[in-house]
1. For the range 55-62, state whether one or more residues are hydroxyl-bearing (Ser, Thr, Tyr) and within 20 Å of Tyr104 (Cα to Cα).
2. If you take the residues of the range 41-63 that are of a type outside the set (Gly, Ala, Ser) and in contact with a Pro (Cβ under 8 Å, 6 or more places away or on another chain), which of them is surrounded by the fewest Cβ atoms within 10 Å (Cβ to Cβ)?
3. Which ones in the range 30-40 are more than 15 Å from the chain's Cα centre (by Cα) and surrounded by 10 or more Cβ atoms within 10 Å (Cβ to Cβ)?
4. Would you mind stating whether Asp75 is out of contact with any strand residue (DSSP E or B) (no Cβ under 6 Å at 6 or more places or on another chain), within 26 Å of Leu28 (Cα to Cα) and not hydrophobic (A, V, I, L, M, F, W, C)?
5. Would you check if Glu121 is exposed (fewer than 12 other Cβ atoms within 10 Å of the Cβ), at pLDDT below 85 and farther than 25 Å from Ala3 by Cα?
6. Can you name every residue in the range 46-102 that is at pLDDT 90 or above and on the phi > 0 side of the Ramachandran plot?
7. Quickly run through the range 1-28 and pick out the residues that are surrounded by 10 or more Cβ atoms within 10 Å (Cβ to Cβ) and more than 26 Å from Pro111 (Cβ to Cβ).
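The values are calculated or read from the model by the stated rules, or taken from the named source; none is laboratory data. What you see is a predicted model; the values in this text were computed from it and never measured. Because the Cβ atoms are built from the backbone with ideal geometry, glycine has one as well, and the counts that use them run over all protein chains shown.
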Amino acid sequence: MQAHIAKIFNIKTGFHGTIVSQFAKMNLNSAVDEENDELLHPWGQLLTEAKITRPGPINPYLEHELVRDSDLSLDGSRFEEVTSFKYEVPEVTEEGLREMIKSYERLNWWPPIDLNRKPEEEATS
């Protein structure tokens, strides 16, 4: 998913190494607060500029309780095996993410953006 997000929005994405991750776990509240501080203001500006007053369930705010003492990933293979569950969409694709973003725009939950714009076009506009 990280590669798709990087490509769609033309942003650098990545993961921190073990040492940074361990430090973040030791200072979880500070790490979460720092991420919220970095993301909430620009997101609010985007919503204001797009005149979105009710953004629905889309929100970059990270609750402390969601990351405290919990795993952030889960292997669902056992669930699939026991219940015979089958995913309607078996993997996240760039096209699927683009479709989801467009549907959020139609619902007025997401600021309108040109998902077809190339990085070099942004540099010249």
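1. The answer is yes; a qualifying residue exists.
2. The extreme case among them is Glu49.
3. Those that are more than 15 Å from the chain's Cα centre (by Cα) and surrounded by 10 or more Cβ atoms within 10 Å (Cβ to Cβ): Ser30, Ala31, Asp33, Glu34.
4. Yes; evaluated as a whole, the condition is true for this residue.
5. When the stated conditions are applied, Glu121 does not pass them.
6. Within the range 46-102, Lys51, Ser84 qualify.
7. Across the range 1-28, the qualifying residues are His16, Val20, Ser21, Gln22, Phe23, Ala24, Lys25, Asn27, Leu28.
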